[in-house]
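One structure is given below, encoded as structure tokens.
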Amino acid sequence: MIKSKLGLGIIMWFAIILSASGQQVDFPRDTSYNLNSAYIKIKKYYPDVTLVKETSYPSVQEERNVVYYNTGTRDLHADLFYPKKKSHKKIPAVILIHGGGWASGTKAHMVPLAQKLAENGYFAASVEYRLSPEAIYPAGVSDLKTFVKWVKVHSDEFGIDTTKIATLGASAGATLASLLGATGQSPVFKSYDFGKKVSDKVQAIVNIDGVVDFTAPGESAKDENPAKPSAGTRWFGATYKQRPDLWKQASALYYAGPETPPTIFINSTQPRFHAGRDQYVEILKENGIEYRIFTIPDTPHTFWLFHPWFEEVYPKVISFLNDTFQYKGN
């Protein structure tokens, strides 16, 4: 979860988009976290790194900015990637969720990994969700749960096996991916049902350096300066001391149990981003649920956005999903 910078480091502007009705709608956006700033920061310590860029694969079909839901004020979008060659068997789906401290970042950050997954036979979608400058928790959670349902409603169009859906996130997105996976069919979070009886349950979780326990001291004890609220406080609209119930409610750790999907953690060497992981894994162990943990040596938090670490990330993700879904690709 990439902490947004405040004060002079934050740029707040109003993006103009087209809603489903064709009217223009303004909504606040925080652009303080972007790939260029991340690259400049990391390049100081790792001079040989390069940014991972989008690629055009001959075998991959793509659809950009597909509208999956209208909030009543604007459309929400997803970028879709899937094999051009139709399979005689239905294929698994992966829902990718970007990071940025629940305040910044865009779905474009997850496109290179989505393209890799599609090249290996998966339906992969990088999803937009409302961030804290626009709508605080739990709006973004509801958006993403709605997209899980959208995938199921549209499964026949893309040949998706609705019993093989994974949530995958990085940083703040990993926190969300874990929460979605651990709260399938939970009444706690509302989502749009599209007029059909479909659940928001998924069958696998990929957590790339995201916390699963907001109540851990590394997250809950950050708000010493009221002028500089933490990313968590901005998202919840309250500090941990003010609303500990919300901070706990959004923690995947407290939902882990017999129904939790198999989970893989791919971590940096930054301990802060492991909050709750070990306790979560102990619960999976007790219930005989598959899990994997990989810590990539000498890595900054945003390692998945850069070569050479990207080459370590995507094979681990694909191997885990192939094994979990008993899938051999196209």
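Every read-out reported here was derived from the displayed coordinates using simple, explicitly stated rules and does not represent laboratory data. Quick caveat, the model's predicted, so the values are computed rather than measured. Methodologically, a virtual Cβ is constructed for each residue, glycine included, from the backbone with ideal geometry; neighbour enumeration extends over all protein chains shown.
Neighbour counts of C-beta atoms inside 10 Å place R277, R272 in the sequence R272, R277, starting with the fewest. What does the charge count near Q115 come to, summing +1 for each Lys or Arg and -1 for each Asp or Glu among other residues with Cβ under 15 Å from its Cβ? With Lys, Arg at +1 and Asp, Glu at -1, the neighbours total -1. Potential lengthening of the chain between E224 and Q326 amounts to 31.9 nm, from the contour at 0.36 nm per residue minus the alpha-carbon distance. If you look at the Cα atoms of the range 116-172, you get an Rg and a Dmax of 12.9, 36 Å. Were the residues from K84 through I293 laid out at 0.36 nm apart, the gain over their Cα-Cα distance would be 72.0 nm.
Taking 0.36 nm per residue of sequence separation and removing the Cα-Cα distance, the E311/T50 pair yields an extension gain of 92.8 nm.
Ordered by the number of other Cβ atoms lying within 10 Å of each residue's own Cβ, fewest first, I40, I208 fall into the sequence I40, I208.
Per-residue ellipticity at 222 nm for the chain, helices alone: DSSP H runs ≥ 4 residues times -39500 (n - 2.57), over residue total, nearest 500 deg cm²/dmol? Show your work: numbers first, answer last.
Values: 10 runs with 90 residues, N = 330.
Rounded to the nearest 500, the figure is -7500 deg cm²/dmol.
For the pair the range 207-286 and the range 23-78, the centres of their Cα atoms are 24 angstrom apart. Take the Cα of K190, go 7 Å toward its beta carbon, and the backbone nitrogen atoms of the range 129-154 under 19 Å from that spot belong to 129-132, 134-150. The equivalent ellipsoid that matches the C-alpha gyration tensor of the range 7-325 spans semi-axes of 26, 23, 22 angstrom, in descending order.
The relative contact order of the range 7-325, computed from alpha carbon pairs under 8 Å that lie at least 6 residues apart in sequence, is 16 percent.
Taking 1.002 mPa s as the viscosity and 20 °C as the temperature, the Stokes-Einstein diffusion coefficient of the range 203-301 based on its alpha-carbon Kirkwood radius rounds to 149 µm²/s. Put simply, the amide H of D75, placed in the peptide plane, has neighbours under 5 Å in A20, leaving out anything fewer than 5 places away on its chain. The value of relative contact order for the range 83-140, using C-alpha pairs under 8 Å at least six residues apart, is 38 percent.
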